[in-house]
Each structure stands twice: as structure tokens, then as C-alpha cells.
1. May I ask which of Lys58/Lys167; Lys70/Lys261; Lys267/Lys309 have a Cα-Cα span longer than 24 Å here?
2. Between 0 and 90 degrees, rounded to the nearest ten: what's the tilt of helix 246-258 against the longest Cα principal axis of the chain?
3. If you average the sequence gap of Cα pairs under 8 Å that are 6 or more apart and divide by the length of the stretch 81-156, what percent do you get for the contact order?
4. When N is the residue count of the stretch 117-233, what does its C-alpha Rg come to as a fraction of 2.2 N^0.38 Å?
5. Percent relative contact order of the stretch 110-149, based on C-alpha pairs within less than 8 angstrom and at least six residues apart?
6. Give the whole-number value, in cubic angstrom per residue, of the convex hull volume spanned by the C-alpha atoms of the chain.
7. What is the ratio of the Cα radius of gyration of the stretch 36-104 to 2.2 N^0.38 Å, with N the residue count, to two decimals?
8. To the nearest 10 degrees, how steep is helix 154-168 against the longest Cα principal axis of the chain, on a 0 to 90 scale?
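The values are calculated or read from the model by the stated rules, or taken from the named source; none is laboratory data. As the structure is a prediction and not an experimental result, all values here were calculated from the model. Heads up, the Cβs are rebuilt from the backbone with ideal geometry, glycines too, and the neighbour counts pull from every protein chain shown. The accessibility values were calculated without ligands, DNA or RNA, using every heavy atom of the protein model including side chains. Shrake-Rupley method; radii C 1.70, N 1.55, O 1.52, S 1.80 Å.
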Amino acid sequence: PLCDRLGMRVANVYSRFTPEPPYNFTAPGIEIVKSLGMGALLTTMASAIEHRRPGFEKYTETALREGIQKLVRTYKDQLPIIIRNGNEAHPADEADAQRMIAAYKVIYEAVKEIDPNIIVTSTSVGAEEVFFRNGFQRYYDVYDFHQYSDADGIPGDFESYEKMISKYGMRKPVWTTEIGLNSQGMSRLAVAIQMVKILTRFFACGGKNASWFGIMWPAPDGRLMGSNGESFDVFNAKYCLYSPKITAITEYNMVNAICIKEAVEQKNYSNHAYMALFRDRDGRCLLVAWRDKGRADVFLPLPGVRSVKATRIDGSASSLDAS
């Protein structure tokens, strides 16, 4: 419900299935997701294999294939689904990467056998060459990475993908299923500012879908307040009241401002200013602008535009006459 409140249309569902017939599965929260008209990002047992969790060796090729196909068959006609094939894998060596890729291949081919249109995301590892060198890109529709640094690191992530694609081929859309900021001890205003910058940079660099890391920590007794986990949460979870922090307001504005718009251009200016322009299929535009140092009056020529809605970092907004 909090994802829906912010305007997001896909929720992560931690689905699991057993390694023995009849491959019983769990997908906690999926009925709520369905009731809100959202889609589900379903996880697989690939992460258990990646991280050698207890019992991972029981997931044979047959178990992986039958388990994921039962999960997909159950939900594919009930709501939009995406399959998330792994989570933050870091192979120890070439053989370890090949072991993981063998599992990705089974799951990917099993999903496509049921419905070729279902999207399968890569393990959220970024552009690690050991995976590309061993052909993992053949078993995904989307590249995925996780990022918890400031906005300046985002262009480098995309440059790394470009390097791997130019070397090994297979261009695909880039997503981030977790992006955020290690923010314990930071003011919420500082986090909100970085949220605008990080999400803008991600989409301006060509990213297609993003999930800000920050709706997760119920605190019925209030003891989580001030913790590392609580610092990520965009809602104030103390006593499970879920009042929005400024980061929730900022996320709401970013979700609904970018929406279906595609990046047109981004530019760094010599006076420490940055701007990114987005436009949708109907010609509606979004301009995101900030200045890293100091203040300055800026003139923005907008030929052919009559009115502009200006939204500030705190969520306040005003209509401006641009004619």
C-alpha cells in the first residue's frame, strides 16, 4: 500500500519454492499487490545457489525448472509479473561464475517456455566482466545493478556497461532494483536532495526502471529509530504510523514527474549547474535542475511554452507564466 501511495506500479515479492515435488511455493504479499492493480517482481532460487545457502545443492536443473514454471503458471494471468533471477552475486572465480550461469540459464529458458513476453532481469551485480566473459548476458532481458553512493557515480555505472557491451555484445535495457543512499545520521533534506540527483542521473544516462530502496522497516515498539535500516525508510515507521518523511514526498514527485518520459539531454554547466530534460510521447516535458555550489539567477528560454509548474525539493509548487 505504501508503494501504491507513492505511485509505483510494481512491488517486490520474495517468492520461494521447495526443491522437491510438488514444488510448493510462497509469494508473501502478492494478494495485496493484485488488489492494488500493481505488478509483481518475483524472486527465484537463483540467489540461494549464488550464495550457497543451506540446502542450495538440492536445487537441481529439474527442481529449478519445475519450480519456477509452477510459480509462473500460477500468476502470469492474474497480474503483470517480472522474474528477478539472482541478487548481488560475486563469483569467486571463473568456475564459480559458470556454476551460477548454469542456474540462470535453466530458469530463463523455463520462464520463456511458458511465456516469451515475461521479462527476466539479471542478477543485480552490475557490469562484472567474469559474467560477461562467460556469456551470462544470453539469459536475461534486462541488466540490473544496485547502487548506494551519491549521484556522481551513476554515469560510471553506465560507462561500465558500455565497455562490456562493446567487448561482448548484447545491448539490453538497464534497470536498478535497488538504488538509494547509505544515510544513517544524515538529515532527511540531504537525502531528498540526493534522491533527486540519483534518480535524475540514472534515467538521464539511459536507465529504464528504478526502485529506490526505502519502504521496509516497521517499528511497532519504536526501537528501530535512528538505526541504519530506519534511515533508509522514506516513511516514519515508528509505531507503524507511516507518516511520510520529506523523502517520501520527493519520491512521489519524482515518480509522477518522470512517469513515462524518456531522457532527451543532460548537461553540466560551468557555473556548477546541471540540467536534464525529459519528454513523453505527447510532448509533455520535465526539466530537472540544480546547482551544486552557491546561488544564481538563471534564465530558461522556453519558446512555445505558456505555463510551467515549478516543484521544489520540499514538495511545494507554483505555476509560472512562461509566455
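1. Values: Lys58/Lys167 36 Å; Lys70/Lys261 35 Å; Lys267/Lys309 21 Å.
Table pairs above 24 Å Cα-Cα are Lys58/Lys167; Lys70/Lys261.
2. With rounding to tens, the tilt is 90 degrees.
3. 37 percent
4. On the way: Rg = 16.2 Å, N = 117, 2.2 N^0.38 = 13.4 Å.
Normalised by 2.2 N^0.38 Å, the Cα Rg of the stretch 117-233 equals 1.20.
5. 47 percent
6. Value for the chain: 164 Å³ per residue.
7. Expressed relative to 2.2 N^0.38 Å, the Cα Rg reads 1.23.
8. Between helix and principal axis, roughly 50 degrees.
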